[in-house]
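Quick notes on the structure that follows.
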Amino acid sequence: MENKVLTVGIIGMGIGKYHADAVMRTENARLTWICDVDEGVLAKMQENYQAPHACTDYREMLEDPDLDCVIIGTPDQLHKQMTEDALAAGKHVLCEKPLALTREDIEAIVAAAKKSDKKFMVGQVCRYTPGFVKAKELIDAGEIGELTFIESEYAHDYEKILTGIHSWRQDPLRYGVVGGGCHAVDLLRWIAGNPELIEAFGTHKTFKDITVIDDTHIAIMRFPNDVIGKVFCSISCRRDYTMRSVFYGTKGTIITDNTSPELTLFQMNEEGVSIPTKIPVEVNNHNMFGEFAEFYDIIVNDKPVGTNAMEGANTIAACLAIVESANTNMPVIPQYFD
């Protein structure tokens, strides 16, 4: 079925425009519907992408029997209802991260995905970032031996994207480490598995008049196989955006991020000296094309979903444990979904 033409609808044309670009680049995919509550944005996007159909109420697109799948790129608080409705309408779903902000919403999404015979995928796009993909490839090949310590950071200054139409980011449930830091948490889960114990600290010193929640977190984690790790997340940092990540092993180290054209691999030579090797990687920190290409392959060839509802759920379970630990000043054992 590799030549099947997949019809796609996108809800939310903020981050959705990047998904639209990915769909347009995919040979056997057609963007047939777009949806946004802002009529001005909707008109502009329809002109840009020449989508045959546009609506301000996503339920209108779900009534189209010829629509195969839906990409949900709306604020996190809306994911639950839209996911339930799309799956109930018989559509495959790619939902942006974070899956949801509360355990209740996550449980509902997981239940809907299990009940449906359609594919459900969470947009954990860092799993498609070339530098991170290469790092995992090297780690899995044993190039740095056994993992000992791993760390990732999500440093992103949100000051200009917390007001106006983006004010939904100020929801008291949307901690930075949940909404954005879930990228770093998911990356480490992808590399080392579910953290078993988390101790975290938070601070709220920069965005005092903008948000009501901590804008910076640091979390120390214990992973399976005696691996330890750290996640740093700041949505108020005064610097350029980065997800710098480092993976230490018994035989070497990998330093990479999502904004640099090379990865550094340190390995020991015959004299026992650590030698760095620069490995070129593509700079593509929002590789929606790679993500959608996999989603297309999963649907048309009936393959299992790697970033399924449970994966998205357990990334947020770890994020919620970070928030709980920071708020209680106590270590927390994450409560994963099963």
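The values are calculated or read from the model by the stated rules, or taken from the named source; none is laboratory data. Given the structure is predicted, the values throughout are model-derived calculations rather than measurements. All Cβ positions, even for glycine, are placed from backbone atoms using ideal geometry, and neighbour counts span all protein chains on display. We work out accessible area using only protein heavy atoms, side chains counted, and drop any ligands, DNA or RNA first. Shrake-Rupley method; radii C 1.70, N 1.55, O 1.52, S 1.80 Å.
Largest to smallest in accessible area, the residues Asp66, Asp215, Asp38 fall in the order Asp66, Asp38, Asp215 (1.4 Å probe, all protein chains included). For the range 225-266, the C-alpha radius of gyration divided by 2.2 N^0.38 Å, with N the number of residues, is 1.38. The distance linking the range 167-181 with the range 115-141 is 23 Å (Cα centroid to Cα centroid, whole angstrom). Using every pair of separate Cα atoms, the Kirkwood estimate puts the hydrodynamic radius of the range 268-338 at 16.5 angstrom. Could you state, as a whole-number percent, how many of the C-alpha pairs of the range 1-67 are farther apart than 14 Å? Of all Cα-Cα pairs in the range 1-67, 53 percent lie more than 14 Å apart.
Here the accessible area of the range 1-147 is 47 percent carbon and sulfur, with a 1.4 angstrom probe and all protein chains present.
Taking 7 Å steps out from each Cα toward its Cβ at Ile161 and Asn301 produces label points 3.2 nm apart.
Computed across the range 76-219, the Kirkwood hydrodynamic radius from all distinct Cα-Cα pairs reaches 17.3 Å. Taking every protein chain into account, the accessible area of the chain amounts to 45 square angstrom per residue (probe 1.4 Å).
For the range 13-118, pairs of C-alpha atoms spaced more than 17 angstrom apart make up 52 percent of the total. Seen from a random direction on average, the alpha-carbon convex hull of the range 208-329 projects onto 11.9 square nanometres. Each principal axis of the Cα cloud of the range 115-160 was evaluated for its coordinate range; sorted largest first, these ranges are 40, 40, 19 Å.
The 1.4 Å probe gives accessible areas that order Arg222, Arg127, Arg238, largest first, as Arg238, Arg222, Arg127. Taking only the Cα atoms of the chain, the ratio Rg/Rh comes out at 0.98, with Rh defined as the Kirkwood radius.
The residues packed around Asn194, meaning those with a beta-carbon under 12 Å from its beta-carbon, carry a net charge of -2 if Lys and Arg are +1 and Asp and Glu are -1. Taking all protein chains together, Glu153, Glu146, Glu96 sort by accessible area into Glu146, Glu153, Glu96, largest first [probe 1.4 Å]. Using heavy atoms of the protein chains and a probe of 1.4 Å, the accessible area assigned to Lys97 is about 30 Å². Extending 7 Å from Cα along the Cβ direction at Arg239 and again at Phe337 yields two label points whose distance is 3.3 nm.
So for the chain: antiparallel DSSP bridges make up what percent, rounded to the nearest 5? Percentage antiparallel, nearest 5: 55.
FRET efficiency for the Thr203 to Val5 pair, using the beta carbon distance and R₀ = 56 Å, is estimated at 0.65.
For the pair Leu173 and Met268, a Förster radius of 45 Å applied to the C-beta separation gives a FRET efficiency near 0.45, rounded to the nearest 0.05. Divided by 2.2 N^0.38 Å, where N counts the residues, the Cα radius of gyration of the range 45-88 comes to 1.21. The simple spin-label model puts a point 7 Å past each Cα toward its Cβ; for Phe149 and Lys114 those points are separated by 3.9 nm.
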